[in-house]
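These notes concern the structure reproduced below.
Each value in this text was obtained by applying a stated rule to the coordinates, not by laboratory testing. The shown structure was predicted, so the numbers you read here are calculated from the model rather than taken from an experiment. Cβ sites come from the backbone with ideal geometry, for glycine too, and all protein chains shown count toward neighbours.
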Amino acid sequence: MRNPNLWLAIIGLLAVFALWVDFSETQIALDFLGIHREIRTVLGLDLQGGIQILLEADVPPNQPVDRGNLEDTRRIIENRVNALGVSEPVVQIAGTRRIVVELPGVTNLEQAVNTIKQTGLLEFVDAGATPIPEGTTIRTTLDISPTETVPPTGTPTLTPAPTLTETAPITGTAPVSPTERVYRTVMTGRNLRSARPQLDQFRQPEVAFTLDAEGTRLFAEYTSQNVGRYLCIVLDKKVISCPVIQEPITQGQGVIRMGSGSTLADAESLAVTLRYGALPVPLKIVDTRNIGPTLGRESIHRSLIAGIVGFATVALFMILYYRVPGILAVLALSLYTALVFAIFKLLPVTLTLPGIAGFVLSIGMAVDANILIFERLKEELRAGRNLALAIDYGFERAWPSIRDSNISTLITCAILYVFGMNFGASMVRGFALTLAIGVAASLFTGIWVTRAFLHALLDRLSAQAHGRWFGI
């Protein structure tokens, strides 16, 4: 290794930074990189408690639920909860028609339920010639059975209203009392491809949206035949906006202008509703549960004791068997532990009991790399090479075994992570993620840190004169 002293300086700075992160609960801001990150330890539901909510498809019991639509619904709920600021949620499918939502650290059950209730069915509804006031709850054709009759829409009077076109402004809606009727659903949110807030040329907030191929066709047909009539955006049967169609929209792209008095935050809120309220499957809440943190605190305490005992046992073995290199390996292992935990806080990684197990397992992987290196080092010293050459040859000849074993572990981690994502097994995903981070960090500490320590401290020693220092 060239210039081990430089490596020692770099390792020292890295150690100081890692320890600062490990013992800090603060915020970092790197404005020139656009980074604003809170440094904190994120614990999963099993460790810190929180809210668990069980959702079920709100369809007749004998009606099957498409697995693909249910998976899309799960992802949309996850994005919706993230966008609303709920910390590290876990959203996974349970069975053929249910979704479990876990919100770690959330203690306000009512607030959590209200958050989930917002993630309902998004519909674009034909309101006819009269706008419907925002916040009004209505019935749509998705609510009725095939045997029910849809009431006539009537011919109400036109009132001043918002507009919806490919450059469509939305202004205030005059309050009216809609007649009791069932409104026709033109299109559901499943046809919405994207929605984003932006400012127009007059610096007014608006929401630009795009539709998929089916949505483009439906929108083109409907808007071409209904210029001057109202198309309401309805979430969970509640009207959130009701613009008037100013001209046909045939390209699958449109703009909803928020009108005077609105802010970009209002546009962002509407965009989030459009993006993440578009559930392919309507849902109802069937169970809520408040999970206390008592078991979590006990689990953390026991895991901490187990980790300390395990680390101490490994350190004792390394020092007794490998002597001076073992001491340096323990120092490198301590840096490894601090570095990995700092990475967990910076990303951040949600720590669960399986995640902690993956972290502890990765410590064993780091020790394994050092054992391979030191055994090779002892072979080179027995062959009569000087210490500096023995260190380099030991690392070079141990590297293929270390590389192959770690690559195979990373491949396994990737398989487990994909499995966890596709089947909603969040704990499996957490285990795979923490193990993969640990393996990657162990390669750095095992190959570069331990090697720098050995060269910096032992190059000037004579292995023949101090053979017992190396266990030979």
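Backbone amide hydrogens, once placed in the peptide plane, bring Met258 within less than 5 Å of Ile170, Glu206, Val207, excluding anything fewer than 5 places away on its chain. Simple spin-label estimate for Gln204 and Arg289 gives 5.1 nm between the two label positions (7 Å along the Cα-to-Cβ direction from each Cα). Of the residues Thr434, Thr141, Thr313, the one with the fewest other Cβ atoms within 10 Å heads the list, and the complete ranking is Thr313, Thr141, Thr434.
Exposure proxy ranking for Leu19, Leu45, based on other Cβ atoms within 10 angstrom of each Cβ and starting from the fewest, stands as Leu19, Leu45. Computed from label points 7 Å out along Cα-Cβ, the spacing between Arg40 and Phe17 is 2.4 nm.
Using 0.36 nm times the number of residues separating Leu6 and Ser408, minus their current alpha carbon distance, what extension gain do you get? Intermediate results must be reported in sequence, preceding the final value.
On the way: separation 402, 0.36 × 402 = 144.72 nm, distance 3.19 nm.
Answer, rounded to one decimal: 141.5 nm.
Computed extension length for Arg184-Ser334: 47.5 nm, one decimal, from 0.36 nm per residue of separation with the Cα-Cα distance subtracted.
Roughly how many debye, to the nearest 20, is the charge dipole of the range 380-448 about its Cα centre, given +1 on each Lys and Arg Cβ, -1 on each Asp and Glu Cβ, and no other charges?
Details: 5 positive and 4 negative charges, 16 e Å.
Using only the charged Cβ atoms, the result is roughly 80 debye.
Most tightly packed first, judged by the mean number of other beta-carbon atoms within 10 Å of their residues, the peptides 264-271, 412-419 read 264-271, 412-419.
A simple rule links phi to the HN-Hα coupling: the Karplus curve 6.51 cos²θ - 1.76 cosθ + 1.60 with θ = phi - 60°, which for the range 330-345 gives 5, 4, 5, 5, 5, 4, 4, 4, 5, 5, 5, 5, 5, 4, 4, 6 Hz, with x for Gly and Pro.
Relative protection proxy for 393-404, 322-333, 448-459, from highest mean packing down: 322-333, 448-459, 393-404 (other beta-carbon atoms within 10 angstrom).
Label-to-label distance, Ala213 versus Glu298, with points set 7 angstrom from Cα along the beta-carbon direction: 5.7 nm. Evaluating 6.51 cos²θ - 1.76 cosθ + 1.60 at θ = phi - 60° for every residue in the range 360-377, the Karplus couplings come out as 4, 4, 5, 4, x, 5, 5, 5, 4, 4, 5, 4, 4, 5, 5, 5, 5, 4 Hz, glycine and proline recorded as x. Comparing Ser224, Cys242, Gly252 along the charge dipole axis of the range 201-252, the residue lying farthest to the positive side is Cys242, per the Cβ-charge model.
Close amide H contacts of Ser194 (hydrogens built in the peptide plane, cut-off under 5 Å, sequence separation of 5 or more or a different chain): Thr210. Determine, from the Cβ-Cβ distance of Glu134 and Tyr321 and an R0 of 56 Å, the FRET efficiency 1/(1 + (r/R0)^6), rounded to the nearest 0.05. In this case the efficiency is close to 0.15. Here the residues Ser194, Ser442, ranked from fewest to most Cβ neighbours within 10 Å of their Cβ, fall in the order Ser194, Ser442.
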